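The values are calculated or read from the model by the stated rules, or taken from the named source; none is laboratory data. These numbers were taken from a predicted model, which means no experiment stands behind them. Using ideal geometry, Cβ is built from the backbone for each residue, glycine included, and neighbour counts are taken over all protein chains shown.
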There are 2 protein chains.
Amino acid sequence: MKKENISDAVIRRLPRYYRQLTDLCARGVVRISSHSLGQEMNITASQIRQDFSCFGEFGQQGYGYNVEELRAEIGHILGVDNDHHLVMIGVGNLGRALLRNFPFSQTGFSVDAAFDVSPNVIGTTVNGVPVYAMSELEHYIETHSVDVVVLTIPQDVAQDTADRLIEMGVHGFWNFTNVELSSAKADVKFENIHFADSLLTLSYRIANR
Amino acid sequence: MKKENISDAVIRRLPRYYRQLTDLCARGVVRISSHSLGQEMNITASQIRQDFSCFGEFGQQGYGYNVEELRAEIGHILGVDNDHHLVMIGVGNLGRALLRNFPFSQTGFSVDAAFDVSPNVIGTTVNGVPVYAMSELEHYIETHSVDVVVLTIPQDVAQDTADRLIEMGVHGFWNFTNVELSSAKADVKFENIHFADSLLTLSYRIANR
DNA sequence: GGAATCTTGTTAAAATATTCTCAGACTTAG
DNA sequence: CTAAGTCTGAGAATATTTTAACAAGATTCC
């Protein structure tokens, strides 16, 4: 039975399923039951079936799931076959590392442009992505379709920059700054990578293990 | 009433409290009630009080919380005043970006060394951190105290490397590779930064907003 | 083809997490 | 000093998430 509102907990597990299924594909596994998938992932079979059932019926009784088919379904749910357009704001060490290493295309994103304030990088390209001056951002957004903006900028300009972009209609932010961004508009989505938060939870857990 | 087992959900909120309190400190705010803190953070006052009560009684009826004091308490719980030792394995674009930008010392970590296989970086220093050959890793770990290892290496060597290190007594991993690491030992803690998972959840949410 | 075995999707139960409520302690203002 | 107002921490009530149970469909093996 398809569900209307999918909980955040479920959504956050989807990429992990997708990864595992990609791996199974690569290993040539053709079919898998929720039970064995659960064993591999250290998740209960119940949870897996419950999760999948939010989106449809992908399995067959007595057989299990076809790995390739299930992978495609979850990929589709996550939007890996979309053609989302993305621009990066801030081409410092982190921004450059992402442009060079991260497989954007495998996740359904094409990186069209990057922006920075530094004359050192303006006019260059990083891994084929042209770097423009921040002053050109407004015009760029108005004349191109941009689904997601990656924020790898200093934290003191993060909220202001986001506000400007939201005003121009951007509704997806991949935020690497150490601040909690927010918007009055409910359909603007923020996804944060908070390095410090992550390391601090590890700090807590190794001290209290 | 202090609790014995703290849930993961609570632990993951602590760094956010810490960040907000740091900000309040900087703004010169001396006291704050759970209610107003909740308003600023978009969290219910109940949840805040419930969370804090897992660790002790930090507030005062009729007054609220002393910002500086509460910040210190939470910092202490998270271990920002610890002196954890950390080494980085893999000095590619991402590793370098972290070494250059991430404020390790503010989170209670000192970065003592980095390791890589590439002759181009072995023998250099990045932001004051010496880069050694991977072949020296074993000896280094045996002769130094290492609490956390940062893994910024290719995913195909991630689990093997982790296994070697666990064998040598490392029990904290900050994992940036796109694989799920695991260990039979329960006191080994993994904290993952899965970039792709993060972007995929954003992809889902902008498509289903 | 038929019996035994699997395995799903769903519903129910159990476990967790969040929110509500309120007595009692403290603060502030007069 | 007193009265009115504020705010915490704890316990109770909800809500959500996870796990268990199971009927029914499908597969496999003989």
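Could you go through region A:111-123 and let me know if any residue there is within 20 Å of the chain's Cα centre (by Cα), within 16 Å of DNA strand C (Cβ to nearest atom), more than 14 Å from chain B (Cβ to nearest Cβ) and within 27 Å of B:Asn208 (Cα to Cα).
Scanning region A:111-123 turns up no residue that is within 20 Å of the chain's Cα centre (by Cα), within 16 Å of DNA strand C (Cβ to nearest atom), more than 14 Å from chain B (Cβ to nearest Cβ) and within 27 Å of B:Asn208 (Cα to Cα).
Is it the case, given these coordinates, that A:Arg16 is within 15 Å of DNA strand D (Cβ to nearest atom) and closer than 28 Å to A:Gly172 by Cβ?
Answer is yes for this residue.
Which of the residues that make up region B:41-50 are surrounded by 14 or more Cβ atoms within 10 Å (Cβ to Cβ) and outside any loop (DSSP other than H, G, I, E, B)?
If the condition is that a residue be surrounded by 14 or more Cβ atoms within 10 Å (Cβ to Cβ) and outside any loop (DSSP other than H, G, I, E, B), then B:Met41, B:Ala45, B:Gln47, B:Ile48, B:Arg49 are the ones that fit.
Please enumerate the residues belonging to region B:45-84 that are within 12 Å of DNA strand C (Cβ to nearest atom) and closer than 22 Å to B:Asn5 by Cβ.
B:Ser46, B:Gln47, B:Ile48, B:Arg49, B:Gln50, B:Asp51, B:Phe52, B:Ser53, B:Cys54, B:Glu57
Residues in region B:78-107 that are part of a helix (DSSP H, G or I) and within 13 Å of the chain's Cα centre (by Cα): how many? So that I can check it myself, show each step before the final result.
Applying the first criterion (part of a helix (DSSP H, G or I)) to region B:78-107 yields B:78, B:93-101, B:104-107.
Pick out the ones that are also within 13 Å of the chain's Cα centre (by Cα) and you get B:78, B:98, B:104-107.
So the answer is 6.
Which of the residues spanning region A:1-59 are within 12 Å of chain B (Cβ to nearest Cβ) and of a type in the set (Asp, Glu)?
Of everything in region A:1-59, those that are within 12 Å of chain B (Cβ to nearest Cβ) and of a type in the set (Asp, Glu) turn out to be A:Glu4, A:Asp8, A:Asp23, A:Glu40.
Which pairs turn up if I take residues in region B:123-137 that are more than 23 Å from B:Phe102 (Cα to Cα) and look for partners that are at pLDDT 95 or above and surrounded by 12 or more Cβ atoms within 10 Å (Cβ to Cβ) with beta carbon separation below 8 Å, at least 6 apart in sequence or on another chain?
B:Glu136/B:Phe115
Restricting to region A:51-70, name every residue that is closer than 22 Å to A:Ala9 by Cβ and either loosely packed, with under 13 Cβ neighbours inside 10 Å or more than 8 Å from DNA strand D (Cβ to nearest atom) (or both).
Of everything in region A:51-70, those that are closer than 22 Å to A:Ala9 by Cβ and either loosely packed, with under 13 Cβ neighbours inside 10 Å or more than 8 Å from DNA strand D (Cβ to nearest atom) (or both) turn out to be A:Phe52, A:Ser53, A:Cys54, A:Phe55, A:Gly56, A:Glu57, A:Phe58, A:Gly59, A:Tyr65, A:Leu70.
Filter region B:89-147 for residues that are in contact with a helix residue (DSSP H, G or I) (Cβ under 8 Å, 6 or more places away or on another chain) and polar (S, T, N, Q) and give the result.
Residues satisfying the conditions are B:Asn93, B:Asn101, B:Gln106, B:Thr107, B:Ser110, B:Asn127.
Pull up region A:71-93, narrow it to residues that are more than 10 Å from every other protein chain (Cβ to nearest Cβ) and among the hydrophobic types (A, V, I, L, M, F, W, C), then point me to the one that is nearest to DNA strand D (Cβ to nearest atom).
Per the stated criteria, the residue is A:Ala72.
Conditions first: (1) closer than 22 Å to A:Ala207 by Cβ; (2) touching a residue at least 12 places away in the same chain (Cβ under 8 Å); (3) among the small types (Gly, Ala, Ser). B:Ser105 passes all but one, so which condition is the exception?
Of everything listed in (1) closer than 22 Å to A:Ala207 by Cβ; (2) touching a residue at least 12 places away in the same chain (Cβ under 8 Å); (3) among the small types (Gly, Ala, Ser), B:Ser105 misses just condition (2).
Please pick out the residue among A:Val131, A:Val111, A:Val146 that is surrounded by 17 or more Cβ atoms within 10 Å (Cβ to Cβ) and assigned to a loop (DSSP other than H, G, I, E, B).
Details: A:Val131 fails: assigned to a loop (DSSP other than H, G, I, E, B); A:Val111 fails: assigned to a loop (DSSP other than H, G, I, E, B).
Going through A:Val131, A:Val111, A:Val146 in turn, just one is surrounded by 17 or more Cβ atoms within 10 Å (Cβ to Cβ) and assigned to a loop (DSSP other than H, G, I, E, B): A:Val146.
Taking A:Arg205 as the residue in question, decide whether it is within 29 Å of B:Phe190 (Cα to Cα), free of Cβ contacts under 8 Å to residues at least 12 places away in the same chain and not in a helix (DSSP H, G or I).
Taking the combined requirement at face value, the residue does not satisfy it.
Which of the residues spanning region A:27-40 are loosely packed, with under 13 Cβ neighbours inside 10 Å and among the small types (Gly, Ala, Ser)?
Residue satisfying the conditions is A:Gly28 alone.
Within region A:170-179, restricting attention to residues that are in a loop (DSSP other than H, G, I, E, B) and either within 17 Å of the chain's Cα centre (by Cα) or closer than 20 Å to A:Tyr140 by Cβ (or both), which residue is nearest to the other protein chains (Cβ to nearest Cβ)?
A:His171
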